[in-house]
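Enquirer: This structure is in structure tokens; I'll ask about it shortly.
The values are calculated or read from the model by the stated rules, or taken from the named source; none is laboratory data. Quick caveat, the model's predicted, so the values are computed rather than measured. Note that we place each Cβ from the backbone using ideal geometry, even for glycine, and neighbour counts take in every protein chain shown.
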């Protein structure tokens, strides 16, 4: 049987911004209780008093990445160089038995100084290259099925501290910043100590500023 606390937790988990505001004590418990009253009552199938919801909110245990906020802030201040590359093109191909062979042929002909990124999923693969490599990609993959392509893109790459994989909530903070700024990400490319977001050209300045503000908080 569901409890009021379980219902409150379920709602907060689905709204991470609200969850963080609650943890930082910048939200009014009484007002939030009234806001959640209808949802909690519906989930339980009976009327629930705001006082009971307020008690559940005060007892709510935040997730680890919020409790370790001081450690996370220290890591954010250690973010390394930020590199911007513009005039990029993104291609999406359907995976096939010949795709890897086509990929290896293309790699042999691409300019080593141009931007290049490759990621393979279960059903499709993405290739990001400088616009100058467009013809090479189209020629090398002419026998493959192209699902989508997008030009006028830019990449912003961030060097991450070496211990980043042990810090929970790091990527959450990055994605949260973009969400707050209303910046949509076209694609994300990640390695162990490097994180790259692919965005439309007109969002570059806004995205760069958002990332710079991460280690200024």
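Enquirer: Condition first: at pLDDT 95 or above, under 21 Å from the mean Cα position of the chain (by Cα) and under 18 Å from residue 187 (Cα atoms). Can you find one or more residues in segment 94-113 that meet it?
Expert: So far as segment 94-113 goes, no, none of its residues is at pLDDT 95 or above, under 21 Å from the mean Cα position of the chain (by Cα) and under 18 Å from residue 187 (Cα atoms).
Enquirer: Now a separate question. Mind listing whichever residues of segment 184-200 are in a loop (DSSP other than H, G, I, E, B) and either at positive phi or free of Cβ contacts under 8 Å to residues at least 60 places away in the same chain (or both)?
Expert: The answer is 184, 185, 192, 193.
Enquirer: If we keep just the residues of segment 122-138 that are touching a helix residue (DSSP H, G or I) at 6+ places or on another chain (Cβ under 8 Å) and in a strand (DSSP E or B), which is farthest from residue 93 (Cα to Cα)?
Expert: 129
Enquirer: Output yes when any residue across segment 160-183 is surrounded by 15 or more Cβ atoms within 10 Å (Cβ to Cβ), in a strand (DSSP E or B) and at pLDDT 90 or above, and no when none is.
Expert: No.
Enquirer: Continuing with this model, one more query. Please determine whether any residue of segment 139-147 is part of a helix (DSSP H, G or I), surrounded by 15 or more Cβ atoms within 10 Å (Cβ to Cβ) and at negative phi.
Expert: yes
Enquirer: Same structure again: If you take the residues in segment 104-121 that are touching a helix residue (DSSP H, G or I) at 6+ places or on another chain (Cβ under 8 Å) and in a helix (DSSP H, G or I), which one is farthest from residue 87 (Cα to Cα)?
Expert: 105
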